[in-house]
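The values are calculated or read from the model by the stated rules, or taken from the named source; none is laboratory data. All values reported here derive from a predicted model rather than from experimental measurement. Methodologically, a virtual Cβ is constructed for each residue, glycine included, from the backbone with ideal geometry; neighbour enumeration extends over all protein chains shown.
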Amino acid sequence: MAIEVLNQIKDAEQNADEIRRTASIAAKDALKTAAKECEQIQNELLTQARHESLEKVDAARKQARAALDAEQQKRTAACDALKAAATKKIDQAAQACLKGIL
């Protein structure tokens, strides 16, 4: 009878060891799965952040381009006004020269 009890205890210990091994394997698999999911989520978040940052950069470039274009238009208008004033003065000078010659 004592041997039977010892055999039962031994069987119970073996079953407990098997359960521990199975639990350990399941825990390792769960950690691997969680790590993969975490990596996938991080990749998705990084992709989203990159996309959003590219959109912000594009918007900033468009805004900077618009500001540069507006400044260029102002400078072109100022140059055109100077050109028109210079042309007018040249015409006046040419008329004065013609009057002096005639």
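A few comments on the model shown:
- If the condition is being within 28 Å of the chain's Cα centre (by Cα) and β-branched (Val, Ile, Thr), then the range 13-58 contributes THR33, ILE41, THR47, VAL57.
- Candidates ALA86, ALA94, ALA12, ALA23 - the one that is hydrophobic (A, V, I, L, M, F, W, C), assigned to a helix (DSSP H, G or I) and at pLDDT 95 or above: ALA23
Matching residues to (1) out of contact with any strand residue (DSSP E or B) (no Cβ under 8 Å at 6 or more places or on another chain); (2) of a type outside the set (Gly, Ala, Ser); (3) surrounded by 10 or more Cβ atoms within 10 Å (Cβ to Cβ); (4) modelled with pLDDT under 95:
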residue: CYS38; (1), (2), (3), (4): yes, yes, yes, no
residue: LEU46; (1), (2), (3), (4): yes, yes, yes, no
residue: SER53; (1), (2), (3), (4): yes, no, yes, no
residue: ILE90; (1), (2), (3), (4): yes, yes, yes, yes
